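The block underneath contains the structure these notes are about, expressed in structure tokens.
The values are calculated or read from the model by the stated rules, or taken from the named source; none is laboratory data. Predicted model, so just to flag it, every value in this text is computed and none were measured. Cβ atoms come from the backbone with ideal geometry, glycine included; neighbour counts cover every protein chain shown.
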Amino acid sequence: MSSALHSPASALRSDATRREFISGAAKTFLGVTSATQLGGKAFAVPGENTSPLKQVPTARNVIYLYMTGGMSHLDTFDPKPDNADVMGLTKTINTKVAGIRLSENIPLIARQADKLAIIRGMVSNQGAHEQGNYFMHTSYTLRSSIRHPAMGAWMQKFQDRGNPSLPGSVMIGNDSRHPGAGFFESRYSPLMINDPESGISNVRVNQWFTQERFESRLDVAKQLDRSFASKYDLKNVRAYSDMYDDAVKMMKSDELKAFDLDDEPGALREKYGRDRFGQGCLLARRLVEHGVRFVEVTFGSWDTHNANFTRVPDLCEELDAGMSTLLSDLESRGLLNETLVVLTTEFGRTPDINANDGRDHHPAGFTCVLAGGGIRGGQVHGATDARGDKVADGQVTIPEFNATIAYAIGLPLDQVLYSPSKRPFTVADKGKPVVSLFG
């Protein structure tokens, strides 16, 4: 073997090539992919400055409902009934909780306002979709030099899986911009599912592809890996081996039935809504029941620059059925107290209605919602002004919002982990949780 192979630059190229091969092999043999991109990444290690204090978690699981594109707060959870110029065609209705009014677009959710903590003082410093989406998921601004972990990855990094045969987190939807595991090992990436009704593609062995053939091919792959893995005993190399092991374990497990929505009664499936978001919410509930502790369901697009008052009611019809049924279903099964349901988006929409009967990007004031998992329902935290323009009271930044989620599931908020460039990071970028929401 030439000495050039042992030079740092050559070793790096070989490492990258090998990683590409292993990634492709994982897809070929197992049909399971992950969201993270590992090229050139190192991995975080526990740092100093770990807090000696650990809060008692109020939730075990998280179901994270992400409204892609910027959901209008004014036409959903923060209407302004006394300002017709701002509201346009949207009307408001009373809810189950006296003093809390919501948009008429979400009547089923309004009946469950006693379960909700409506955070009307949200602010962001990111007004573009990709940057805002990334900031909401990670608490850090988007950089070309680093990929930060999303909350599901932090949860897996600090805590055990709920079911060793299933992924630690699952992302239901088609948002390719999801940051995944960031600079953590690939094993902390969410399993990506595009269509909840289709489940996991290629996870069952075809009839002609016997178990013996499968084991034989897997053994060949391991033999090809052995000398390379021995020579380059690095975390990113071992991570791919972990992906193989986890994927094979899942393929052989009876727990795969968690992904089969056909086991659910037809009437319940109809109640959730036969659209992808509704069925995604139902799948999220099934996965939580089977020990998957972090499930994200994406839904959109809420980018209503045009025809806001036509498009938002249609979007809300799906949101209303899916979220309201999820809350009642979790409660009826005794799961709501241990499952934090999060409804969030990258920013809100402007009080001003543009020439296209739409609303534009508005990070200066918007709404997110929490329910279950120790959250005290029937409350509103914070407020925007009379136009829904600026936060007038109870401002909550995105790192503070994410710190509240992390606090609920018992993550150490000030434990430092290091990026490949040796920069220190914490789960919510030093955000402080809004503890008044609990109780």
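For segment 391-425, name all the residues that are small (Gly, Ala, Ser) and at positive phi.
Restricting attention to segment 391-425, the residues satisfying the condition of being small (Gly, Ala, Ser) are 392, 394, 403, 406, 408, 410, 419, 421.
Selection gives Gly394, Gly410.
Tell me, please, whether a residue that is in contact with a Phe, Trp or Tyr (Cβ under 6 Å, 6 or more places away or on another chain) and closer than 29 Å to Pro81 by Cβ can be found in segment 401-418.
No: zero hits.
Looking at Asn337, is it in a helix (DSSP H, G or I), over 23 Å from Arg177 (Cβ atoms), in the same structural domain as Gly410 (by TED's automatic domain parsing) and among the polar types (S, T, N, Q)? Reasoning before the result, please.
Working: in a helix (DSSP H, G or I): yes; over 23 Å from Arg177 (Cβ atoms): yes; in the same structural domain as Gly410 (by TED's automatic domain parsing): yes; among the polar types (S, T, N, Q): yes.
So Asn337 passes the test.
Hey, can you tell me all the residues within segment 68-84 that are more than 19 Å from Ala113 (Cα to Cα) and either without any contact (Cβ under 8 Å) to a residue 12 or more places away in the chain or of a type in the set (Lys, Arg) (or both)?
Going residue by residue through segment 68-84, those that are more than 19 Å from Ala113 (Cα to Cα) are 68-70, 82-84.
Passing the criteria: only Ala84.
Restricting the first residue to segment 177-198 and requiring it to be in the same structural domain as Tyr66 (by TED's automatic domain parsing) and free of Cβ contacts under 8 Å to residues at least 60 places away in the same chain, which pairs with a second residue that is assigned to a loop (DSSP other than H, G, I, E, B) and among the acidic types (Asp, Glu) meet a Cβ separation below 7 Å and a spacing of at least six or different chains?
none
Which residues, taken from segment 158-185, are at pLDDT below 95 and among the hydroxyl-bearing types (Ser, Thr, Tyr)?
Once the filter is applied, which keeps residues that are at pLDDT below 95 and among the hydroxyl-bearing types (Ser, Thr, Tyr), segment 158-185 yields Ser165, Ser176.
Given the conditions (1) in a helix (DSSP H, G or I); (2) under 23 Å from the mean Cα position of the chain (by Cα); (3) more than 24 Å from Val97 (Cα to Cα), report the number of the one that Arg311 does not fulfil.
(2)
Can you find, within segment 327-339, the residue that is surrounded by the most Cβ atoms within 10 Å (Cβ to Cβ) among those that are in contact with a strand residue (DSSP E or B) (Cβ under 7 Å, 6 or more places away or on another chain) and closer than 15 Å to Asp114 by Cα? Outline the logic, then answer.
Filtering segment 327-339 for residues in contact with a strand residue (DSSP E or B) (Cβ under 7 Å, 6 or more places away or on another chain) gives 327, 330, 338-339.
If we keep only those that are closer than 15 Å to Asp114 by Cα too, we end up with 327, 330.
Details: Leu327: 24, Leu330: 26.
Looking at residues that are in contact with a strand residue (DSSP E or B) (Cβ under 7 Å, 6 or more places away or on another chain) and closer than 15 Å to Asp114 by Cα, I get Leu330.
For segment 289-319: of the residues being of a type in the set (Phe, Trp, Tyr) and over 16 Å from Glu346 (Cβ atoms), which is surrounded by the most Cβ atoms within 10 Å (Cβ to Cβ)? Spell out the reasoning first.
First, the residues of segment 289-319 that are of a type in the set (Phe, Trp, Tyr): 294, 299, 302, 309.
From what's left, over 16 Å from Glu346 (Cβ atoms): 294, 309.
Working: Phe294: 30, Phe309: 18.
Only one residue fits best here, namely Phe294.
Please verify whether Val380 is of a type outside the set (S, T, N, Q), under 19 Å from the mean Cα position of the chain (by Cα) and either assigned to a helix (DSSP H, G or I) or at pLDDT 95 or above (or both), treating the condition exactly as stated.
No: the conditions fail for Val380.
Residues are listed down the side, and each one gets a yes or a no for (1) under 18 Å from the mean Cα position of the chain (by Cα); (2) at pLDDT below 95; (3) within 22 Å of Asp75 (Cβ to Cβ):
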residue: Asp360; (1), (2), (3): no, no, yes
residue: Ala371; (1), (2), (3): yes, no, yes
residue: Ile375; (1), (2), (3): no, no, no
residue: Asp385; (1), (2), (3): no, no, yes
residue: Gly394; (1), (2), (3): no, no, yes
residue: Ile398; (1), (2), (3): yes, no, yes
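Name the residues in segment 352-371 that are in a loop (DSSP other than H, G, I, E, B), touching a helix residue (DSSP H, G or I) at 6+ places or on another chain (Cβ under 6 Å) and surrounded by 24 or more Cβ atoms within 10 Å (Cβ to Cβ), would you?
Of everything in segment 352-371, just one residue is in a loop (DSSP other than H, G, I, E, B), touching a helix residue (DSSP H, G or I) at 6+ places or on another chain (Cβ under 6 Å) and surrounded by 24 or more Cβ atoms within 10 Å (Cβ to Cβ), namely Arg359.
For segment 61-175, list the helices (runs of 4 or more DSSP H) that sit wholly inside it and hold at least 1 residues that are in contact with a Leu (Cβ under 9 Å, 6 or more places away or on another chain) and polar (S, T, N, Q); which are they? Give the steps one after another, and end with the answer.
Details: elements: 84-87, 107-110, 129-138, 151-158.
By residue number, 129-138.
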